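Report on the following structure.
The values are calculated or read from the model by the stated rules, or taken from the named source; none is laboratory data. Every value quoted in this text rests on a predicted model; they were computed, and no experiment measured them. Quick reminder, even Gly has a Cβ in these numbers, built from the backbone with ideal geometry, and neighbours come from all protein chains shown. Note: accessible area is taken over every heavy atom of the protein model, side chains too, but ligands, DNA and RNA are not part of it. Shrake-Rupley method; radii C 1.70, N 1.55, O 1.52, S 1.80 Å.
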Amino acid sequence: MSTNSQPLLLRAGRLACFCPPGTPIAGPVRSGLHYDLAAGFALAVLAQVLVLGLLPLAGLMLAPQPNWIGLPYLALLMGAAIATFPAAFLLDAFGRRAAFALGASHGLAGGLVMAWALLNHAFWPFCLGAFWTGIAQGFSLFYRHEAAIGIGSSKLALGALQVFGAGALAGLAGPFIAETAARLMPYTPYIGLALMAAGAQIGVLTLASRMAKQDEPIRDEPNPDQPAPDIWQGLDRRFWGASLMAGLAWMTMTALMVATPNAMIQCGIAVSGVMAAMGWHVIAMYVPAFALGLIGPIQARWLTGWGGLAVLLLAGALWRNLNYLSDFTVFLIVIALGWSLATSAATALLHERGRLPRLLLGLHDFLLFAAAVLGALAAGLLNG
């Protein structure tokens with residue numbers, strides 16, 4: 001199909017429309033697409049805010065052994081890591097509507113299973129619900145890639161502003177919704193959080209199902225007379241360097257973030273205080289993307305990313321000196337800022353040289369979640 005012909009509609013049930021991984025995206029998507037992506041990502045982040053505060057606390061309540069407290073969050077990260085490659089394939093084969101709707105449906109099911117497990121004090125079903133929620137998170141992380149695909153490197157900042165900015169705004173709503181859930185269900189506030197997270201995924205599912213067919217990117221039909229594109233040509237020093245930089249940031253922040261809610265409870269801080277601190281944490285995860293979008297030179301992006309990792313490591317050295325809600329809140333904000341700088345810089349470095357195949361983007365995200373799994377395992381040492 002030429003770039004001047006009608007868009008190739010990629011949707012479930014039409015395997016004939018499948019384009020092999022690596023087939024280039026021929027033209028820009030329509031400008032309205034980013035608002036759908038931003039809104040979907042905002043609701044996914046809202047669910048993330050609620051779940052991030054819920055998992056460590058529910059693990060503390062349900063785990064049959066103290067060293068199993070971090071297993072629900074570990075299950076979430078494993079689900080996210082496993083989802084990265086299927087998400088990349090489905091986005092290529094069937095398009096955004098089918099892929100993001102499937103991811104959100106897992107998040108909805110995960111939230112409902114977690115609520116049932118909390119009601120029945122069942123630890124392993126709760127871990128299953130966390131795993132399904134992680135699958136949704138693995139799909140939702142692709143929103144940031146989709147915002148860059150089809151707009152060109154010169155407008156990458158626009159996509160980052162819309163998507164990451166929406167995530168920051170969603171973080172503001174997290175503590176308010178958590179407080180509302182506590183008021184509506186005062187004796188079972190954790191169940192309320194799980195149901196609210198499921199409700200946010202219903203919003204993601206609704207937005208995904210309403211994505212217009214014409215919002216799918218135009219794809220070049222494979223030419224049998226030409227060799228298939230080499231999808232591995234993007235595996236160069238920039239790819240591995242950006243993945244290493246962001247992976248170390250994910251591992252460090254996960255270790256600190258998973259250990260912090262339990263430490264806050266041990267210091268006598270109420271659940272509402274934990275959720276408020278986690279809300280500010282999530283906001284700080286996405287705000288730096290506004291400033292980073294204005295940084296052009298490659299050297300500045302590398303400096304920003306490694307600088308963010310340095311901020312994380314310096315903050316981690318102070319972790320055991322925290323005692324009050326204000327201390328923990330500032331700490332969570334600082335490590336989120338460091339994570340955001342490293343992750344946003346890595347994303348920009350991947351996209352500014354052109355359109356990478358989604359399979360490579362999935363590999364990048366898999367490496368990030370794998371590093372986060374290592375961080376979750378290390379969190380047990382911090383709480384020990």
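At a glance:
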quantity	calculated
Cβ-based net charge around Asp365, under 11 Å, with every Lys or Arg adding one and every Asp or Glu removing one	+2
Packing-based order for 203-210, 335-342, using average beta carbon neighbours within 10 Å, highest first	335-342, 203-210
Rounded to the nearest 10 Å², the accessible area of Glu179 at probe 1.4 Å	100 Å²
Segments 75-82, 271-278, 49-56 sorted - mean Cβ within 10 Å per residue, highest first	49-56, 75-82, 271-278
